[in-house]
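Inspection log for the structure reproduced underneath, given as structure tokens.
Read-outs: derived from the displayed coordinates by stated rules, not from any lab. Small disclaimer: the values here were computed from a predicted structure and weren't measured. Cβ placement follows ideal geometry from the backbone for every residue including glycine, while neighbour counts extend to all protein chains displayed.
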Amino acid sequence: MDNYMKYNEVRNVTYRPAGVGKIFTDPDADKAREYFRDEKPRKMVEKVSSVEQVVKQLINDGDYVGIGGFGANRTPVAVLHEIVRQKKKNLGLAGHTATHDFQILVAGNCINRCDVAYIVGLEARGLSKIARKAVQNGEVELCEWTNAALTWRYKAAAMGVSFLPVRCMLGTDTEKYSAAVEMKCPFTDAKYLAVPALYPDVGIIHVHRADVYGNCHIDGIMVADHDLARASRRLIVTTERLVPNEFIRRNPASTVIPYYLVDAVVEVPYGGYPGNMAYEYFSDEEHLREWLKAEGDDDTMAEFLERHIYGVKDFNGYLDTIGGLKRLQELRIQENLVEK
Amino acid sequence: MEHNDMELMICLASRYLEDNSIVVVGTGAPCAAAMLAQMIYSPRLMIMFEAGGIGPLLPSMPISVGDSRTFYRALVASSMPEVMETCQRGLVDYTFLGGAQIDQYGNINSTLIGSDYQKPKVRFPGSGGANDLASFCWKTMMITPQDPKRFTEKIDFITSPGYLSGPGAREEAGLPPGSGPYKVITNLCVIGFDEETKRMKVESIHPGITREKIIENTGFELLWSDNLTESDPPTDEELKYLREEVDPYRYLIGRA
């Protein structure tokens, strides 16, 4: 109790004005409830589709999308390529450690607004020239956040509430350029930052295993996908493998996404390539380097995109351009023989 | 033993991570420092990655804070909210940050250069998890080369909080009391933070470096410790583990 009093005495706090950023998605939890009541299928039906169909049917120009995984780890690359191929426009994006995913969508000129935690970089691999150029030219409207803030914005939506109080971002320019609002705890008077629930129009997640109804297993880290799956109005799942429902029923503790969250399931082996898929294949660092290098020159980049995305029919076509099963098996060896 | 600046910074940083504590690291030098600490000084140091990896037996340095190496033979393959909430709860002792600019209070810019937010002169990735870790972890460290452009009086954007505008400012902002910048380890010296003013204070100078050189490479006025010492150079043991076990392909230490 003494400590409690002490902290309250030093809480001679002032409240800053709300962040100047724009809220790109509606945080209203009641509207989301209505949507989930009316539009989310409860019936456990087979919902297997193709990448081409899900992008055509479930992603509209102007939609706000949330992407699962972590930049170039367990990222739904097959769907991202199809978004580019179908020339979707004016998408919004939750830039929650967006690395190769951001790079793909910028290359296709698909996004015009972004909630930023991490963009334009590919972590230790360096920075993307085209992504930087798009942002520096003001082609993508930004609102600033952090990884924790975005993951908790998903969590608020997943909980069915319109905001959550958090303790990051306070006192910084990251806060100033966000859309967060400072608030007082009604119990302790402590200062918090209220971050609005983030309900994406479409969530896209790549998983290790799913059945035809959309019950999913993910191996390894979840990143923010537990909450992203629950926050998304529509949810597209791509899976390395379709498995029998019986397999799910025998391992229910591993089911991280239940069928009633999922609108479509697509089997896409190597669907996270050139990213890393835990226990399956390592990231193709050579190809990612080649992509970054191609960005140095407009013509080279146009050729690169033509060769790998526009000029192929589907994701299997892309995998053929990078060396097919032979290259993928090398990456499987890299992933599974990491022992020293 | 001969060594370069990167090796020097990693070895010095590894000495500050106490045994039986928890550190959240990213890729690069911080990860190398934590691995080296585990091998020599702090075998029970627990390493976490913000994407969800907890307590891995790292086979090599990760490329991404979410790649499969970050939870290789780990205790837990968890999630980003799990790790961030553990930090917010006050269980994480150390973290490491980097950035394009840093000021005398340890505030860091990794977002942009310029004055127009929507059309910056140069855009960097942004916070990622850096702001969160700087807000929540008890002790924030930095490993960075020192030059006057990087160590600057006024940074273009406060991405992650140091001591903000000085004493009491973190608490006034609502950040958890008792947290904040701890050490800045550069190629020239080790810098701490003055208890009273919360400004950077040089604690030890690396062998062969002069006070003048440090001043030349800093864009603001530094404080100097009354017990200013010379930094202990990397030991043979540190360099051996760093070169043979932590970074055998010299991805990191070959860059300096």
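Summary table below
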{"quantity": "Percent of C-alpha pairs per 10 Å bin, segment B:1-93, short to long", "calculated": "18, 49, 28, 4, 0"}
{"quantity": "Average beta-carbon neighbours from other chains, 10 Å sphere, peptide A:68-80", "calculated": "3"}
{"quantity": "Within the protein assembly as shown, percent of DSSP bridges classed antiparallel, to nearest 5", "calculated": "35"}
{"quantity": "Distance (nanometres) between label positions extended 7 Å along Cα→Cβ at A:Y260 and A:K87", "calculated": "4.1"}
{"quantity": "Residues B:S225, A:S178, sorted so that the one with the fewest Cβ neighbours within 10 Å comes first", "calculated": "B:S225, A:S178"}
{"quantity": "Stokes-Einstein diffusion coefficient of segment A:29-81, Kirkwood radius over Cα pairs, 20 °C, 1.002 mPa s, in µm²/s", "calculated": "157"}
{"quantity": "Cα-only Debye scattering, the protein assembly as shown: base-10 log of I(q)/I(0) at q = 0.06 Å⁻¹", "calculated": "-0.30"}
{"quantity": "Size of electric dipole in chain B: Cβ of Lys, Arg +1 and of Asp, Glu -1, about Cα centre, debye, nearest 20", "calculated": "680"}
{"quantity": "Span-like helix ranges in chain B, DSSP H, alpha carbon extent 15 angstrom or more, Kyte mean at least 0.0", "calculated": "B:29-40"}
{"quantity": "Relative exposure of A:M169, A:M301, judged by other C-beta atoms within 10 Å (fewest first)", "calculated": "A:M301, A:M169"}
{"quantity": "Per residue Cα convex hull volume in Å³ - calculated over segment A:216-340", "calculated": "153"}
{"quantity": "For segment B:106-256, radius of gyration divided by Kirkwood radius, i.e. Rg to Rh on alpha-carbons", "calculated": "0.99"}
{"quantity": "Label-point separation, B:N20 to A:A302 (7 Å along Cα→Cβ), nm", "calculated": "6.5"}
{"quantity": "23 Å Cα-Cα reach of B:K240 towards lysines, excluding residues that sit fewer than 8 places from it in its own chain", "calculated": "A:K340"}
{"quantity": "Share, in percent, of DSSP beta bridges within chain B that are antiparallel, nearest 5", "calculated": "45"}
{"quantity": "Charged-residue dipole, Cβ positions (Lys, Arg, Asp, Glu), the protein assembly as shown about Cα centre, Debye nearest 20", "calculated": "1340"}
{"quantity": "Within a Gaussian network of chain A (alpha carbon springs, distance under 10 Å), most fluctuating of A:C143, A:C168, A:C216", "calculated": "A:C168"}
{"quantity": "Rg to Rh quotient for chain B, alpha carbon positions, Kirkwood Rh", "calculated": "0.95"}
{"quantity": "Segment A:9-152: C-alpha pair distances exceeding 23 Å, %", "calculated": "44"}
{"quantity": "Reachable lysines, given that their alpha-carbon falls under 18 Å from the alpha-carbon of B:K149 and they are not under 8 places away in the same chain", "calculated": "B:K121, B:K213"}
{"quantity": "Percentage, to the nearest whole number, of Cα pairs in chain A over 38 Å apart", "calculated": "18"}
{"quantity": "For residues of B:174-187, the mean tally of beta carbons on other chains within 10 Å", "calculated": "3"}
{"quantity": "Gaussian network model of chain A, springs between alpha carbon atoms under 10 Å - residue of A:V312, A:V13, A:V45 with greatest fluctuation", "calculated": "A:V13"}
{"quantity": "Cβ-based charge dipole, the protein assembly as shown, positive-most Cα from A:M301, A:V256, B:I185", "calculated": "A:V256"}
{"quantity": "A:R241-A:R37 pseudo-label distance in nm [points 7 Å out on the Cα-to-Cβ vector]", "calculated": "4.2"}
{"quantity": "Set A:K89/A:K155; A:K56/A:K155; A:K88/A:K313; A:K176/B:K139 screened for pairs whose C-alpha atoms are more than 21 Å apart", "calculated": "A:K89/A:K155; A:K56/A:K155; A:K176/B:K139"}
{"quantity": "Sorted by Cβ density within 10 Å, fewest first, the residues B:C31, A:C185", "calculated": "A:C185, B:C31"}
{"quantity": "Positive-pole candidate from B:P81, B:L223, B:L91, dipole of chain B, charges at beta carbon", "calculated": "B:P81"}
{"quantity": "10 Å-binned pair-distance histogram of segment B:123-207 (Cα, whole percent)", "calculated": "16, 49, 31, 4, 0"}
